[in-house]
Every structure is written in structure tokens, then in C-alpha cells.
1. Kindly report the accessible area of segment 77-198 per residue (heavy atoms of protein chains, probe 1.4 Å, no ligands, DNA or RNA), in Å².
2. If you roll a 1.4 Å probe over segment 106-204 with all protein chains in place, what percent of the accessible area is carbon or sulfur?
3. Could you tell me whether segment 39-103 comes out rounded, prolate or oblate from its Cα gyration tensor? Rule is a ≥ b ≥ c as square roots of the eigenvalues, rounded for a/c under 1.5, then prolate if a/b exceeds b/c, otherwise oblate.
4. Among 144-150, 81-87, what's the highest-first ranking by average C-beta atoms within 10 angstrom per residue?
5. Would you list 222, 109 from the most to the least accessible area, probe 1.4 Å?
6. Could you order 41, 182, 156, 201 by accessible surface area, starting with the largest, using a probe radius of 1.4 Å?
7. From the square roots a ≥ b ≥ c of the eigenvalues of the alpha-carbon gyration tensor of segment 121-165, which class results: rounded (a/c under 1.5), prolate (a/b over b/c), or oblate?
8. Amide H to amide H, which residues 5 or more places from residue 131 or on other chains are under 5 Å from it, using H placed in the peptide plane?
Amino acid sequence: MNISHGQSLDRPCSILLSILFTLLVIPSYAQQVSTEDTLLEHLRIIVGDGGILTDAAVLFRNDTIVAVGQVSDMEIPAGARRVDLTGKTLMPTMIDAHAHLGYEGLSSWGAQNYTMENLIENLNIYAYYGFGAVFSAGSDPASMALELQNLQESGEIGGARFLFAAGMAPPGQGPNNQFLVESQAVEQAVGTSIVHGLASETDAVAEVQAAAGQGIRFIKLWVDDR
């Protein structure tokens, strides 16, 4: 099991320690890289296939997992830094498959919160609580969403991996009334459409082709006229 970028091992262990055990590669929440072998030991591991390991250990070399198993079976390199995590649990990261990032602030919700800084803050909060990826469903201006993805891919920011969809709907349809007002306010602020109107099959083909041309991989389609 390899993770090319993982949670910093220097973060406090006062919360649930979580590391991704799948092929999903997430940017580091804290961009620090150890140059020594580190052993997390005496912890419980929820494997993700229904199995649970008790009194287990995980061996890291730099930012890569090189061994997982029972402490008693682990070959521990000489000089490895050992971290006792008795009473802690290691688990696969969670994925939020339907979110609307950027609108949620620390004490309010709405278009007034939608900034690049707040999008990054949202992703960092997700990572802090054990999420490896979050999918923002049709509520982001493409230019900002693509910029955010590029920042993560270049390693300039961390947080949960950001995925998003282009928003589309027949005329007069789309998000609920409150959300529609807020998304329209973001549209006005950034000068670009968020929910694209589809009045015909021709419109649908054109909008999907335009999204694909920008490198957008997903479409969020609203079909409820409320």
C-alpha cells in the first residue's frame, strides 16, 4: 500500500488518525516530509474490507507505507522512530460524494463566503476530520474550481482531494430557491455561469462538449422544476 502524499506524522494524535488505504492519492494536509523510518505501533486498524487488526503497526519510509501488520510480526528497522498509539484507531479516509463547497463559513452559509481562501479552508477542515476526497456537485464557477484542482495537483495546497461537476439544468430548473439565489450571486461576483441552461438536445451536447474541453470530468444535472 503506497501513499505518495499522506497526512503529516507530526500532527497531534488527539483526533482519529486516518490514512487512505486505497489507490486514491491525496495531497498532504501538512506539507512536511520525514526522512526516517517511522513506526506507528500498538493501534487498532480498520482495514476497509471488514477486517480489524488489533495491537497492530504501520511502518512508514518517508511518506510511503512499507508494511502493515501485527506488532509482533513486524520487522522494525534499526533506528526507526517509534510512536505509541495505544488506544488510537487507524481507518481508511472517508469520501463525501455530494457537497457544495465554498458557501459554508464558520458561522454562516451563503455567497458571501465563496472565495478561494474559503474553498481551501473547507478542504482543510474535511481533511482534519478524516475525509480523503470531497465532490462539489454543480455549484462552482469552472474557472475557480479548475484553479483549485491545479493548486492541489501542483502541491501548493493540501486538504481533501477536490472533485467537482459542471452544473446543468433545463431553463427555470436547478437548485432550490435559496441555493439558486446564492449561486446566482456568486455568478455575478465572478462573472461566469455556474448552472448552464439546457433548452434543447443541441444545448446539452454543446454544454457537455464545452465542459469536456475545459477538462471537467463530471456533470451535475438538475431535473426537478421544484
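The values are calculated or read from the model by the stated rules, or taken from the named source; none is laboratory data. As the structure is a prediction and not an experimental result, all values here were calculated from the model. All Cβ positions, even for glycine, are placed from backbone atoms using ideal geometry, and neighbour counts span all protein chains on display. Heads up: the accessible areas ignore ligands, DNA and RNA and are worked out on the full protein's heavy atoms, side chains in. Shrake-Rupley method; radii C 1.70, N 1.55, O 1.52, S 1.80 Å.
1. So segment 77-198 comes to 46 Å² accessible per residue, rounded to a whole number.
2. Working: 2240 of 4540 Å².
Carbon-and-sulfur percentage of accessible area, whole number: 49.
3. Working: a/c = 2.60, a/b = 1.84, b/c = 1.41.
Here segment 39-103 falls in the prolate category.
4. Ranking, from highest mean packing down: 144-150, 81-87.
5. On the way: 222 20, 109 85 Å².
Accessible-area ranking of 222, 109, largest first: 109, 222.
6. Listed by decreasing accessible area, they come as 201, 156, 182, 41.
7. Working: a/c = 2.23, a/b = 1.26, b/c = 1.77.
In terms of gyration-tensor shape, oblate.
8. So residue 131 has HN proximity to 94.
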